[in-house]
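Let me begin by presenting the structure, written as C-alpha cells, before commenting on it.
The values are calculated or read from the model by the stated rules, or taken from the named source; none is laboratory data. Since the model is a prediction, treat every value here as computed from it, not as a measurement. Cβ atoms come from the backbone with ideal geometry, glycine included; neighbour counts cover every protein chain shown. Quick note on the areas: whole protein, heavy atoms, side chains included, nothing else; ligands and nucleic acids left out. Shrake-Rupley method; radii C 1.70, N 1.55, O 1.52, S 1.80 Å.
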Amino acid sequence: ESLIVAGRLDDLRSRLCSRMSFGTAGLRAPMGAGFNRINDLTIIQSTQVGPDLIFNSLHLTVLFFCSIRGVLTAAVMLSRDVPVHLFSTFVPTPYVPYAVKKLGATAGVMITASHNPKEDNGYKVYWCNGAQIASPHDKEILRSIEEQLEPWSASCWEEELVEKCSLRTDPLTQINSCYMDELTSLCFHRDLNSSCSLKFVHSSFHGVGHVFVQQAFQTFGFTPPIPVPEQKDPDPNFPSVRCPNPEEGESVLELSLLLAERENAQIVLATDPDADRLAVAERSDSGWKVFTGNELAALLGWWMFFNWKENNSNPGDIQGVYMLATTVSSKILKAFARAEGFHFEETLPGFKWIGNRIHELSKTGNKVIFSFEESIGFLCGSMVPEKDGVSSAVVVAEMASYLHNKNLSLNQQLHNIYQTYGYHISKTSYIVCNHPPTIQRIFSRIRNFDSEGSYPKTCGGAQIIHVRDVTTGYDSSQPDLRSVLPVSRSSQMITFTLQNGVVATLRTSGTEPKIKYYTEFCAAPGKSDVTTLEEELKKVTTALLDEFLEPEKNNLIRRFV
C-alpha cells in the first residue's frame, strides 16, 4: 500500500509479478514483501513441496536453524507429520549436506544468504545424495510451488509446534562429533602441526565459522587460531565490513591483517558468513599477499596430490583419482592431471554440479581428492559434496606448517608449482547491471557481432580460435558443434579460447545483478616471463570488457574495491 501511495510501480512489479528462481546456489533475494523476495510466506511456499517429495519415504528431512525462517521451514514439515532434524544453533553450510548423508535423509534445507549483502537472505536445497538440487529437480520444485501457493494451515506459522513436537530432533552434537572425527582423514602431518611455530589469525566475518574452525584446528593438533574479536560472533548487520565477502580481498580483510601484524601472525584465514568459502593471506617482507581462488586451488591441488602419492604406493591406483573444477576456474588442475596421470573434469559454474559429479564418480569406485570453484570455494577430499571453508582452513594451515618446516612460504611454493606445471595467471572480476534487458541485449550483440549468428573473431588483437556458448549449446571446438557441458538456457555464459593461450569467459551471476568475467593465460612449462604474460592478459581482459560489454554505453557499474 505504501508503494502504491508513493507511485513506485516498478518496485511493485519487481516484487509481485515474478517469483524467485533457483540460481547457481539456490534461492537468493532481498528480504521484504512480495513473491520475488525472501519472507515468511515465500519460505513456507518453498517448503510446502517437500512433503510431496518424501511422503513415500521413511527417510527424514534435515533443516538449519536461522531465526524465524528456519523454524518456519521446520513447522511446515512437522504440520504434515514429517520427522525433522533441526539444528539448535547456527552451523556452517557444509554441515547440512554432511548431515543429509550421515543421517540418510531425503533432503536438506539451509537458510543462508552466504556472502550476499545484509539485505538479502537465501534458501538452499540439498538432495538425498548430499549435493545441491540441479535440473530437473529445481524446475519441478518451482512448478510445485506455483501449484500450491496458499499455506496449508495456521500450523505452518506456529513456532511453538517446533518446540513441542516429538518428531523434531536436534542433530548438532552427533553431526559435529562425526564431522570432526572424519576430518582427521585430511590430516597427514599431525606431529608437525603440534610443534608448529606459525601463528594464524581467523576471521568469521560476523558469521558462523568461529567455533567450528577452532575445533578443526584442535582436531589437527594445532593451537587454535587467533580470532578477530570484532568479527567473531554472528551478526546479520555485518557492522565492521562494507561487504561480507572475503573474496573482495585486502580492502575487507583490514581488521584481520591489522590483528595479524599486532600478533606477529604469518597467515590470515577468513571464512565467509556461512563458512563454506575461504580467503587466505600471507605476510612477507614486502607486505601481504592475498591469494586468489585460483592461486589457492593450485596450492591445495598440489598438496592433496602430494599427500595422495605419499600414501599410495601402487601406481595403478591413479586411474581412479579425479580432481574437479568449474569451467570458469583456472585450468591449473588440468595441467596437473596432464603431467601426473590422474583424471580432471570440468563442470558448469556452481558447486552443485561438482557435488553431483562427486556422487556419480563415487558410485563407480572413483575417488575425488580435490575440487574447487574460483570464487574461493574449495573441497579437500570428498567427505562433504559441497565447498567447505572449515576443512579448507585447517588443511591450508597444515600445508603452511609443512612448507614452513621446509623453509618455504605458500607464495614461494605457488611459484614452484607454476615453474613445474606452467604459469596460470588469471583475472576475475565483474560489472554490475541492474537492468536485465540490457544484459540480454549485450549477449545478443556478442552472438551477432559482425553479422547474424557470427561471434567475435578477435579480442585484444589475438585471434579467437574457439567459442563455446553454454546458453545455446554451441561449441565450435566439437565436431558436431555441440557443447559437452549441459545447456543452461536460464543464464548467459560464453567462453572464448584465443590463439595466444588465453581463455576468457563472460557469464551472468545466478544470485546477483552482475556480469562476471574470467580470463586466464595458460602458459606452457618453462615460459616464465611473468611480466610479459601479465601484459598480454591485461590487454585481452581490457578488450573483453570494453569491446564486448561496452560499460559506458550500457551504463554498467564497474567494480570498485
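Going through Leu58, Leu63, Leu72 one at a time, which residue ends up being open to solvent by 40 Å² or more (accessible area, probe 1.4 Å) and at pLDDT below 85? I'd like the intermediate steps shown before the answer.
Numbers: Leu63 fails: open to solvent by 40 Å² or more (accessible area, probe 1.4 Å); Leu72 fails: open to solvent by 40 Å² or more (accessible area, probe 1.4 Å).
One residue alone meets the criteria, Leu58.
Of the numbered conditions (1) buried (at least 18 other Cβ atoms within 10 Å of the Cβ); (2) modelled with pLDDT of 95 or more; (3) assigned to a helix (DSSP H, G or I); (4) not aromatic (Phe, Trp, Tyr), Gln174 fails exactly one; give the number of that condition.
(1)
For the range 138-171, how many residues meet the condition of being crowded, with 16+ Cβ neighbours inside 10 Å and not hydrophobic (A, V, I, L, M, F, W, C)?
6
Could you check the range 242-275 and list, in sequence order, the residues that are part of a loop (DSSP other than H, G, I, E, B), within 20 Å of Asn294 (Cβ to Cβ) and not aliphatic (A, V, I, L, M)? Show your work before the answer.
Within the range 242-275, the subset part of a loop (DSSP other than H, G, I, E, B) is 242-245, 249-253, 264-266, 272-275.
Next, only the ones that are within 20 Å of Asn294 (Cβ to Cβ) stay: 245, 249-253, 272.
Passing the criteria: Asn245, Gly249, Glu250, Ser251, Asp272.
Are any residues in the range 143-166 assigned to a loop (DSSP other than H, G, I, E, B) and in contact with a helix residue (DSSP H, G or I) (Cβ under 9 Å, 6 or more places away or on another chain), and if so, which ones?
Matches in the range 143-166: Gln148, Leu149, Glu150, Pro151, Trp152, Ser153, Glu158, Cys165.
Would you please list the contacts, defined by Cβ atoms under 7 Å and residues six or more apart or on different chains, that run from a residue in the range 401-424 that is in contact (Cβ under 8 Å) with a residue 24 or more places away in the chain to a residue that is part of a strand (DSSP E or B) and surrounded by fewer than 16 Cβ atoms within 10 Å (Cβ to Cβ)?
Sorted first by the residue in the range 401-424, then by its partner, the pairs are Ser409/Ser284; Asn411/Ser284.
Are any of the residues in the range 435-451 on the phi > 0 side of the Ramachandran plot and not acidic (Asp, Glu)?
Within the range 435-451 (the criterion being on the phi > 0 side of the Ramachandran plot and not acidic (Asp, Glu)), the answer is no, since none of the residues qualifies.
Spot the failing condition for Glu140; the list is (1) out of contact with any Pro (no Cβ under 7 Å at 6 or more places or on another chain); (2) in a strand (DSSP E or B), and only one is missed.
(2)
Restricted to the range 429-453, and to residues that are farther than 14 Å from Glu550 by Cα and at pLDDT 95 or above, which residue is surrounded by the fewest Cβ atoms within 10 Å (Cβ to Cβ)?
Ranking the candidates gives Asn448 first.
Pick from the range 339-360 the residues that are out of contact with any helix residue (DSSP H, G or I) (no Cβ under 9 Å at 6 or more places or on another chain) and more than 23 Å from Arg468 (Cβ to Cβ): which of them is surrounded by the most Cβ atoms within 10 Å (Cβ to Cβ)?
Per the stated criteria, the residue is Ile358.
Among the residues of the range 192-205, are any assigned to a helix (DSSP H, G or I), open to solvent by 10 Å² or more (accessible area, probe 1.4 Å), touching a Lys or Arg at 6+ places or on another chain (Cβ under 6 Å) and touching a residue at least 12 places away in the same chain (Cβ under 8 Å)?
For the range 192-205, residues assigned to a helix (DSSP H, G or I), open to solvent by 10 Å² or more (accessible area, probe 1.4 Å), touching a Lys or Arg at 6+ places or on another chain (Cβ under 6 Å) and touching a residue at least 12 places away in the same chain (Cβ under 8 Å): absent.
Kindly establish whether Lys457 is among the basic types (Lys, Arg), in contact with a helix residue (DSSP H, G or I) (Cβ under 9 Å, 6 or more places away or on another chain) and either over 30 Å from Arg190 (Cβ atoms) or open to solvent by 30 Å² or more (accessible area, probe 1.4 Å) (or both).
The answer is no for Lys457.
Leu379 - would you say it is surrounded by fewer than 21 Cβ atoms within 10 Å (Cβ to Cβ) and farther than 19 Å from Ile494 by Cβ?
Details: surrounded by fewer than 21 Cβ atoms within 10 Å (Cβ to Cβ): no; farther than 19 Å from Ile494 by Cβ: yes.
The answer is no for Leu379.
Only one residue in Arg8, Arg37 is modelled with pLDDT of 90 or more and over 22 Å from Leu72 (Cβ atoms), so which one is that?
Arg8
What number of residues within the range 91-106 are outside any helix (DSSP H, G or I) and buried (at least 24 other Cβ atoms within 10 Å of the Cβ)?
Residues that pass the stated criteria total 5.
Give me the residue from the range 216-241 that is assigned to a loop (DSSP other than H, G, I, E, B) and surrounded by 21 or more Cβ atoms within 10 Å (Cβ to Cβ) and, out of that set, modelled with the lowest pLDDT.
Val241
Condition (residue is out of contact with any Cys (no Cβ under 7 Å at 6 or more places or on another chain), under 13 Å from Ile425 (Cα atoms), open to solvent by 70 Å² or more (accessible area, probe 1.4 Å) and free of Cβ contacts under 8 Å to residues at least 24 places away in the same chain) applied to the range 486-494: is it met by at least one residue? Outline the logic, then answer.
Taking the range 486-494 as the starting set, the residues that turn out to be out of contact with any Cys (no Cβ under 7 Å at 6 or more places or on another chain) are 486-494.
Applying the additional criterion that residues be under 13 Å from Ile425 (Cα atoms) yields none.
So far as the range 486-494 goes, no, none of its residues is out of contact with any Cys (no Cβ under 7 Å at 6 or more places or on another chain), under 13 Å from Ile425 (Cα atoms), open to solvent by 70 Å² or more (accessible area, probe 1.4 Å) and free of Cβ contacts under 8 Å to residues at least 24 places away in the same chain.
In the range 109-135, what count of residues is obtained for those that are assigned to a loop (DSSP other than H, G, I, E, B), more than 14 Å from the chain's Cα centre (by Cα) and hydrophobic (A, V, I, L, M, F, W, C)? Walk me through how you get there before you give the answer.
Step one: list which residues in the range 109-135 are assigned to a loop (DSSP other than H, G, I, E, B), which gives 112-119, 127-131, 133-135.
Filter once more, keeping what is more than 14 Å from the chain's Cα centre (by Cα): 117-119, 127-130, 133-135.
Cutting the leftovers down to hydrophobic (A, V, I, L, M, F, W, C) gives us 127-128, 133-134.
Residues that pass the stated criteria total 4.
Looking at the range 421-438, can you tell me whether even one residue there is part of a helix (DSSP H, G or I) and under 23 Å from the mean Cα position of the chain (by Cα)? Walk me through it before giving the result.
Step one: of the range 421-438, the residues part of a helix (DSSP H, G or I) are 421, 436-438.
If we keep only those that are under 23 Å from the mean Cα position of the chain (by Cα) too, we end up with none.
There is no residue in the range 421-438 that is part of a helix (DSSP H, G or I) and under 23 Å from the mean Cα position of the chain (by Cα).
Only one of these is touching a Phe, Trp or Tyr at 6+ places or on another chain (Cβ under 8 Å), assigned to a loop (DSSP other than H, G, I, E, B) and either more than 20 Å from His202 (Cα to Cα) or touching a residue at least 24 places away in the same chain (Cβ under 8 Å) (or both): Val384, Val390. Name it.
From the options Val384, Val390, the qualifying one is Val384.
Is there any pair with a first residue in the range 534-555 that is assigned by the TED database to the domain that holds Cys459 and without any contact (Cβ under 8 Å) to a residue 60 or more places away in the chain and a second that is of a type outside the set (Gly, Ala, Ser) and open to solvent by 70 Å² or more (accessible area, probe 1.4 Å) whose Cβ atoms are under 6 Å apart and which are 6 or more apart or on different chains, and what are they?
none
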